[in-house]
Amino acid sequence: MNTPLHFAPMYGRPDIARVNLLLSNVTDRPVQYKLKCSTGSNVTALPSSTGEVLANSTKRIALTLRRPEITVTWADVEKPKMLLLTSFNFEDPEFKNSDVTSTRLIGIVLESKKGRTETPTEQLVLDACKVEARENPEVNVARIKSEVDTPFANQYDQMSSPAMLIIILIAFLLLIILVRNAYQPLPTQEKMQQI
């Protein structure tokens, strides 16, 4: 199963999409990680795609996805596939041992997030569990936080700027009509009898 990472296009640069990936280690031991990407996916990681998450701490990785020049929209771009390798074994820096855990990630660019100025954040929790057949701990990865999953943000971001402007303009015109009708003088007794 692939864990989705929601990228958002950068404000003013629609050809670049970003996401902040938080790796949270909830164990009492440090965890090594390595993030691999599919060939030709145009994903970069800052500060690095490899490193260590200290015990009971969090590491932030800024992922940037660049749209190829030959494509016009993000829908034309193949979704980047990534593999997060994690291990407690610091004697194996090349991740060749059998106690390495892998998590499949897939990048999804949310076109509806075009106008956002902040980068979305996705959090993965790294937790150790014992496997019955062996003594080495295995790393469990769970996605617990995604800023892009809030219903209000989804509804608001799906509206484009012209649509919001039209809604505000209509609301303003209705307010003017209501105020104008509310302050018209009431008909007097004589006018009521004439009618």
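The values are calculated or read from the model by the stated rules, or taken from the named source; none is laboratory data. Because the structure is predicted, anything quoted here is derived from the model rather than measured. Positions of Cβ are backbone-derived with ideal geometry, glycine not excepted, and every protein chain shown enters the neighbour counts.
Going residue by residue through segment 68-75, is there one that turns out to be modelled with pLDDT of 85 or more, in the same structural domain as Asp127 (by TED's automatic domain parsing) and surrounded by 17 or more Cβ atoms within 10 Å (Cβ to Cβ)? Walk me through how you get there before you give the answer.
Keep residues of segment 68-75 that are modelled with pLDDT of 85 or more, which gives 68-75.
Next cut, in the same structural domain as Asp127 (by TED's automatic domain parsing) only: 68-75.
Remaining after also requiring surrounded by 17 or more Cβ atoms within 10 Å (Cβ to Cβ): 74.
Among the residues of segment 68-75, at least one is modelled with pLDDT of 85 or more, in the same structural domain as Asp127 (by TED's automatic domain parsing) and surrounded by 17 or more Cβ atoms within 10 Å (Cβ to Cβ), which makes the answer yes.
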- Just give me the residues in segment 34-77 being closer than 19 Å to Val109 by Cβ and basic (Lys, Arg), in sequence order. Arg66, Arg67
- Taking segment 1-47 and keeping residues closer than 14 Å to Arg67 by Cβ and of a type in the set (Ser, Thr, Tyr) leaves Ser41, Thr44
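The rows are residues; the columns are (1) modelled with pLDDT of 90 or more; (2) closer than 16 Å to Arg18 by Cα; (3) buried (at least 18 other Cβ atoms within 10 Å of the Cβ); (4) in contact with a Lys or Arg (Cβ under 6 Å, 6 or more places away or on another chain).
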{"residue": "Lys79", "(1), (2), (3), (4)": "yes, yes, no, no"}
{"residue": "Phe90", "(1), (2), (3), (4)": "no, no, no, no"}
{"residue": "Glu94", "(1), (2), (3), (4)": "no, no, no, no"}
{"residue": "Leu105", "(1), (2), (3), (4)": "yes, yes, yes, no"}
{"residue": "Thr117", "(1), (2), (3), (4)": "no, yes, no, no"}
{"residue": "Thr121", "(1), (2), (3), (4)": "yes, yes, no, no"}
{"residue": "Cys129", "(1), (2), (3), (4)": "no, no, no, no"}
{"residue": "Glu132", "(1), (2), (3), (4)": "no, no, no, no"}
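So if I check each of Val53, Val19, which one is touching a strand residue (DSSP E or B) at 6+ places or on another chain (Cβ under 8 Å), surrounded by 15 or more Cβ atoms within 10 Å (Cβ to Cβ), within 30 Å of Ser112 (Cα to Cα) and at pLDDT 90 or above? Outline the logic, then answer.
Details: Val53 fails: within 30 Å of Ser112 (Cα to Cα).
Residue meeting the stated conditions: Val19.
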- Query: Just one of the numbered conditions (1) touching a helix residue (DSSP H, G or I) at 6+ places or on another chain (Cβ under 6 Å); (2) assigned to a strand (DSSP E or B) is not true of Arg104; which one?
  - Reply: (1)
